[in-house]
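Written out below as C-alpha cells is the structure these notes cover.
The values are calculated or read from the model by the stated rules, or taken from the named source; none is laboratory data. Just so it is clear, the model here is predicted, and its values are computed rather than measured. Glycine gets a Cβ as well: all are built from the backbone with ideal geometry, and neighbour counts include every protein chain shown. For the accessible areas, the whole protein counts, side chains as well, though only heavy atoms, and no ligand, DNA or RNA atoms are used. Shrake-Rupley method; radii C 1.70, N 1.55, O 1.52, S 1.80 Å.
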Amino acid sequence: MDSSAWDARYSSVEHPWGSAPAAALSARFAELTPGRAVDLGCGDGRHARWLADSGWTVDAVDFSSVAIELATSGGADGSIRYSVADARTWEPSGPVDLVAIGFLHLPVDELVAVIAGAATWLAPGGRLLYLGHALENFTRGVGGPPDPSILPDIDDLARAASGLRVRELSHLVRPQGDGHAIDILLHAQPWSGSPHRSLMDGVRE
C-alpha cells in the first residue's frame, strides 16, 4: 500500500469528500455517550472533528501525511491526537469506547483483519462502526473505487465481526449525481459478560 496516490489527491482537492461527516456515521455517533475514540483512516479529519466537537477524545490515524497536514491546518484541537501511521499496524495505547472506520478500503482480507483487530481494542460496551463502498456498488451503483478487490460485501463484514454482537450489517443506498451509491455499514460491539459454555461443549468424539 503506497500513500503517494492519496497524498496527490489531498494535495489537489482540499476536501475530496467535503468537510461534513458521513451522515450514516454521525447519526450513529450521536446516539453514543462520548468517551475515547479512534478514527482509523481519518483522511482530512472530518469524522474526528465531529467527534471532538461532541465531547470525544480522539486518536485520528491516516497513512497520508498530506491528509494529516490538512486535518491540522485549522489549528490545534486538544481533543484530537493525529498520527501518520498504517491502519494495518497502528494500535491505541489502551481500550477505547469507539472505533470509527470511514471509507477505508484495502484488499478485502486485509480489511477484514483490520476490522477484527480493531474490535479487540474496545472497552466493555464500546462500539465499532465501519462504513464503506459496498462490492455491489461496482456493478449497481455509481462512484467509489473502480477496483472490486477492495470492496467488501456482507459476508466479508460478517467474517470481520465474528465473535461480536452485530447491531447492524446492511447496505445503505444514497443519491449520487444522477444515480445512487451503495454503501455498506457494520455496527458491532463486544458481548457483555463471559460465555457460560464453550462452543466445544456440544462436540462429541
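Hey, what number do you get for the chain at 222 nm if only DSSP H runs of n ≥ 4 count, each worth -39500 (n - 2.57), divided across all residues, to the nearest 500? The per-residue figure over the chain is -7500 deg cm²/dmol.
Selection among HIS47, THR139, LEU151 by position relative to the dipole of the chain gives HIS47 as farthest towards the positive end (Cβ unit charges, Cα centre).
If I compute solvent accessible area with a 1.4 Å probe over the protein chains, what percent of it on the range 69-205 is carbon and sulfur? Roughly 51 percent, rounded to a whole number. Looking at the range 25-90, the accessible area is 41 square angstrom per residue; that uses a 1.4 Å probe and ignores ligands, DNA and RNA.
So for the range 91-189: antiparallel DSSP bridges make up what percent, rounded to the nearest 5?
Of those bridges, close to 75 percent are antiparallel.
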